[in-house]
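Computed from the coordinates by the stated procedures, all read-outs in this text should not be read as laboratory data. Remember, it's a predicted structure, so these values are computed and weren't measured experimentally. In this analysis, Cβ positions are derived from the backbone assuming ideal geometry, glycine residues included, and neighbour counts consider all displayed protein chains.
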Amino acid sequence: MQQMTAIMPARRKWRDGLREEFFPRDRRRDIDGLRALAVAAVVLMHAGWLSGGFVGVDIFVVISGYFMGRSALMQDPFQPARFACRRLYRLLPALLCMVAVISAGMLWWVLQSDRADIALNGAYALVYLSNIWAAGHVGYFEGQALAYPFLHTWSLSLEMQFYAVIFVVAVMLPRVRWRLYALLGILAVSAGCSLHDHLAGDGQGYYRITDRMWEFALGTLIWMLPRPRLPRAVANVAYALALCVLVGACVFYARDYACPSWGVVFPCLAVVAIIMLPHTDVARVTLGPVSPLGVISYSVYLWHWPVIVLANYLLMFQVAGLTMAGVLVVALLVGLLSYVFVERTFLDYEGRAGTVARNRGALALVCACGLLSAGLGYVSYTSRVH
């Protein structure tokens, strides 16, 4: 009897730990569900199963802007060191691990020309300039994209560049009202740049921060907009319509609707509507159940594309069908391991470490990324020379 009593609390503790990890109480499950929808859309597009999966990036961008509004622009006073450390611990460890593992596993056996480009792309990814490298080397929707395992890091570079802009705005403008005006100015200028590139047919605007900044700013503005007070039934209908817009865009959009394009306005506004309507019944039965995938979405996003590229290299044919399904299962498992042992570990450390230790750890992460970036740059240079 005593043994059974001991086993039951152990099982309960194990289950409670899993529930707390993947259904955390301090997070909005519907936003994690949005993340799940976004990463699923991107992964399925890369698998060749979804034409409009690029909308997932737009979803991520608006969500990122929303959280940066709370972390930076709505903070008075703003804490620069705390903000920077949180971002660095959140993003750098998993990225550094992925680039290091894939580089070590691929660069010694691929062709010299491929080695040079892959290494250079990895070097740019580690200093968050991958979008600039991509804009000058490869179209996102072209077949040759399968040769570059770090190409997907262009969106992470956009995110970090946005963080830098928000950091400067928060430091230079101490009052929230001033920050609002700056944000509106950023949104207007970026929307103008995106419209110009759309009319000019400049597809490489897909990678540019100037063409995406309005999406980030739109998410940040959520904190400064009045909250709608709708009857429960009306809120559910509005939420369902916004979710249908997102799913419909992911399923039916063609690449012509990718940013810069007027078509991205609708999914971005749908994300804003969903974020501004929390705790609806529709959210609980649709986005809530898939929220665990949203919790690990960053690591899944990091690893899914390198795994797909590596599979195409090793199998020597373009992976599709059941083979692709197996590849995606592997990518999901690797992403889960990355979340548990890398991403979560460093975030937990950042949360409990003292100020000095936390700051030194962030500096060490930056230095590690810089050193590996320099090493990959050297590999790229020597591969081209010889």
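A few notes on this one:
- Per-peptide packing, taken as the mean over residues of other Cβ atoms within 10 Å, places 118-130, 169-181 in the sequence 118-130, 169-181 from highest down.
- Sorting the segments 224-235, 305-316, 25-36 by their residues' average number of neighbouring beta-carbon atoms within 10 angstrom, most packed first, yields 25-36, 305-316, 224-235.
- Note on the chain: helix-only mean residue ellipticity at 222 nm, from DSSP H runs of 4+ residues weighted -39500 (n - 2.57) and normalised by residue number, equals -24000 deg cm²/dmol.
- Mean Cα-pair separation over length for the chain, i.e. relative contact order, pairs under 8 Å, 6 or more apart, %: 32
- Distance in nm between pseudo-label sites at R229 and R25 (7 Å out along the Cβ direction from Cα): 2.9
- Residues in the stretch 220-243 that a label on R177 would reach, taking backbone N under 15 Å of a point 7 Å out along Cα→Cβ: none
- Hydrodynamic analysis of the stretch 52-185 uses the Kirkwood radius over alpha carbon pairs. Inserted into Stokes-Einstein at 25 °C and 0.890 mPa s, it gives a translational diffusion coefficient of 149 µm²/s.
- Computed over the stretch 100-257, the alpha-carbon pair-distance distribution with 5 angstrom bins reads 1, 8, 12, 14, 15, 14, 13, 10, 6, 3, 1, 1, 0, each value a whole percent.
- Relative contact order of the stretch 121-181: 33 percent, from C-alpha pairs under 8 Å at least 6 residues apart in sequence.
- Listed residues L241, L146, L332, most fluctuating in the chain (Gaussian network, C-alpha, under 10 Å): L241
- Semi-axis lengths, Å, the stretch 29-385, gyration tensor of Cα atoms, sqrt of 5 times eigenvalues: 31, 25, 21
- Net charge, V271 excluded, C-beta distance under 10 Å - Lys, Arg +1, Asp, Glu -1: -2
- Residues F83, F67 in ascending order of nearby Cβ atoms (within 10 Å, fewest first): F67, F83.
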